[in-house]
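Have a look at the structure below, then the notes.
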Amino acid sequence: MSDKKRDISFNHSQLVGRELDYMREAIDAEHISGEGPFAHRCADLLRRELGVGAAVVTSSCTAALEMTALLLEANPGDEVILPAYTFVSTANAFVLRGLRPVFADVREDTLNIDETRLAELVNERTRAIVVVHYSGVGCEMDRISELARSRGVELIEDNAHGLFGSYRDRPLGSFGRWATLSFHETKNITCGEGGALLLDREDDLRRAEILRDKGTNRQALFRGEVDKYTWVDLGSSYSLSDLLAAYLYAQLEQRESITRKRRAIWETYDAAFRGELEACGVRLPYVPPHCVQPYHMYWMRLPDGATRLRFIEAMKRRGIHCVTHYQPLNLSAMGRRLGADRPCPVTEAAADTLVRLPFYNELARADQERVIEETLSFFAV
Ligand SMILES: Cc1ncc(COP(=O)(O)O)c(C=O)c1O
């Protein structure tokens, strides 16, 4: 394969519909700050499609996670259980509020939090379990929901990857008391940087509006409930600019075509690799039959860390950018400082060996064939 060929990046963000028309509309309407008309349209669409009580559009998934930690009203020393194999924000949001993260290991097949090992981590200080639907494949929500209910702890879904995925026909993001979404550039549906908080209860919605609005009751002023607004609670600046909400709404409108395209890409990778690469000791994604994924990524776990390094370098020499994913939070400098002392062997092995292949809506067929051909030739298949 010639090195002169065009590079194939890991991710690529492209317009999918009326993004520019809607951004122009926001500018013409002279509302480009937060809580504008497009933010409301996005929130309504998410609420309807996901069957939740309300959606609050935010500046990132990190912001939405921080809002869940504020809503939790924990005391210093309280604990939150979360997977060791996740992005730092899943932990940071709670640590900022003085909670201690307790890292759970993940399952070998889905890399989701291991529901069979959760009960032993719950104690009288546990306030919440946070699940991450890794790559948009649902965690075992029947068992996890039942554990949270029976032990009286809150259930939070970090659904950064899984918008429009489902578990036993129920949308991901509709199981927890709170759930979060990400619209970062790397996600299926994006506005560059953005997120959302999903919730059901009216009292949570009222408080979330205050937390998002710098701890003020400004929304109550807009509803005519008070004649001036003031500082009433903790809070920060978590709103999404309506310029970005306009972009996001155009993407949300195209959700079906986006999922269709990504499904074709995922299935093409899978058909080429399943069997062939498994025979070479490569693990491929597992999607339980009761889960529908939104086709967020295609990952492979190579036999060991050295092979992964050689693979990434070999692909890079051919102009193909493949990337690793999370590092184990239990082994991180911050995790250790916070007292993480339990090994998470599956997380640690996955962090060493997992690689993600180029994956984006407009990945051209010829480019994908090049990725497949080079991957198979690396393994001499
Ligand atoms: C599981 C998970 N949670 C949270 C985030 C943070 O998302 P954002 O960049 O929207 O803050 C990410 C980022 O990719 C993630 O993978």
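Restricting to region 331-349, count the residues that are in a loop (DSSP other than H, G, I, E, B) and open to solvent by 10 Å² or more (accessible area, probe 1.4 Å). The number of residues fulfilling the criteria is 7.
The set of residues in region 362-381 being under 19 Å from Arg317 (Cβ atoms), open to solvent by 30 Å² or more (accessible area, probe 1.4 Å) and not hydrophobic (A, V, I, L, M, F, W, C) consists of Glu369, Glu373, Ser377. Annotation note: of Ala26, Ala74, the sole residue that is in contact (Cβ under 8 Å) with a residue 40 or more places away in the chain, small (Gly, Ala, Ser), over 23 Å from Gly176 (Cα atoms) and more than 16 Å from the ligand (Cβ to nearest atom) is Ala26.
Please indicate, with yes or no, whether at least one residue in region 109-132 is farther than 23 Å from Asp78 by Cβ, touching a strand residue (DSSP E or B) at 6+ places or on another chain (Cβ under 9 Å) and among the small types (Gly, Ala, Ser). Checking region 109-132: not a single residue is farther than 23 Å from Asp78 by Cβ, touching a strand residue (DSSP E or B) at 6+ places or on another chain (Cβ under 9 Å) and among the small types (Gly, Ala, Ser).
Of the strands (runs of 3 or more DSSP E) lying entirely inside region 103-212, those carrying at least 2 residues that are touching an Asp or Glu at 6+ places or on another chain (Cβ under 6 Å) and within 26 Å of Asn330 (Cα to Cα) are 126-132, 178-182. For region 114-126, state whether one or more residues are closer than 26 Å to Ala208 by Cα, surrounded by 18 or more Cβ atoms within 10 Å (Cβ to Cβ) and hydrophobic (A, V, I, L, M, F, W, C). Scanning region 114-126, I find no residue that is closer than 26 Å to Ala208 by Cα, surrounded by 18 or more Cβ atoms within 10 Å (Cβ to Cβ) and hydrophobic (A, V, I, L, M, F, W, C), so the answer is no. Quick check: anything in region 56-67 charged (D, E, K, R) and within 16 Å of the ligand (Cβ to nearest atom)? Yes, region 56-67 has at least one match.
Condition check ((1) without any contact (Cβ under 8 Å) to a residue 60 or more places away in the chain; (2) not basic (Lys, Arg)) across all residues:
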| residue | (1), (2) |
| --- | --- |
| Arg212 | no, no |
| Asn217 | yes, yes |
| Asp227 | yes, yes |
| Ser257 | no, yes |
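The set of residues in region 252-285 that are assigned to a loop (DSSP other than H, G, I, E, B), out of contact with any strand residue (DSSP E or B) (no Cβ under 8 Å at 6 or more places or on another chain) and closer than 25 Å to Thr190 by Cα contains only Gln254.
The set of residues in region 229-238 that are in contact (Cβ under 8 Å) with a residue 24 or more places away in the chain and surrounded by fewer than 22 Cβ atoms within 10 Å (Cβ to Cβ) comprises Asp233, Leu234, Gly235, Ser236, Ser237.
Within region 300-330, being among the hydrophobic types (A, V, I, L, M, F, W, C), surrounded by fewer than 20 Cβ atoms within 10 Å (Cβ to Cβ), in contact (Cβ under 8 Å) with a residue 12 or more places away in the chain and out of contact with any strand residue (DSSP E or B) (no Cβ under 7 Å at 6 or more places or on another chain) holds for one residue alone: Ala314. Is region 112-120 home to any residue that is assigned by TED's automatic domain parsing to the domain that holds Asn188, modelled with pLDDT under 95 and of a type in the set (Gly, Ala, Ser)? Within region 112-120 (the criterion being assigned by TED's automatic domain parsing to the domain that holds Asn188, modelled with pLDDT under 95 and of a type in the set (Gly, Ala, Ser)), the answer is no, since none of the residues qualifies.
Within region 350-361, the set of residues being open to solvent by 30 Å² or more (accessible area, probe 1.4 Å) and touching a strand residue (DSSP E or B) at 6+ places or on another chain (Cβ under 8 Å) comprises just one member, Arg356.
Every condition in (1) within 16 Å of the ligand (Cβ to nearest atom); (2) touching a residue at least 60 places away in the same chain (Cβ under 8 Å) holds for Leu199 except the one numbered (1).
Of all the residues in region 134-190, those that are open to solvent by 40 Å² or more (accessible area, probe 1.4 Å) and in contact with a Cys (Cβ under 9 Å, 6 or more places away or on another chain) number 3. Just wondering, is there one or more residues in region 90-110 that are in contact (Cβ under 8 Å) with a residue 12 or more places away in the chain, within 11 Å of the ligand (Cβ to nearest atom) and closer than 20 Å to Val287 by Cβ? No, region 90-110 contains no residue that is in contact (Cβ under 8 Å) with a residue 12 or more places away in the chain, within 11 Å of the ligand (Cβ to nearest atom) and closer than 20 Å to Val287 by Cβ.
The values are calculated or read from the model by the stated rules, or taken from the named source; none is laboratory data. This is a predicted model, so every value here is computed, not measured. No Cβ is skipped: glycine too gets one built from the backbone with ideal geometry, and neighbour counts run over all protein chains shown. Just the protein is used for accessible areas: all its heavy atoms, side chains included, with ligands, DNA and RNA removed. Shrake-Rupley method; radii C 1.70, N 1.55, O 1.52, S 1.80 Å.
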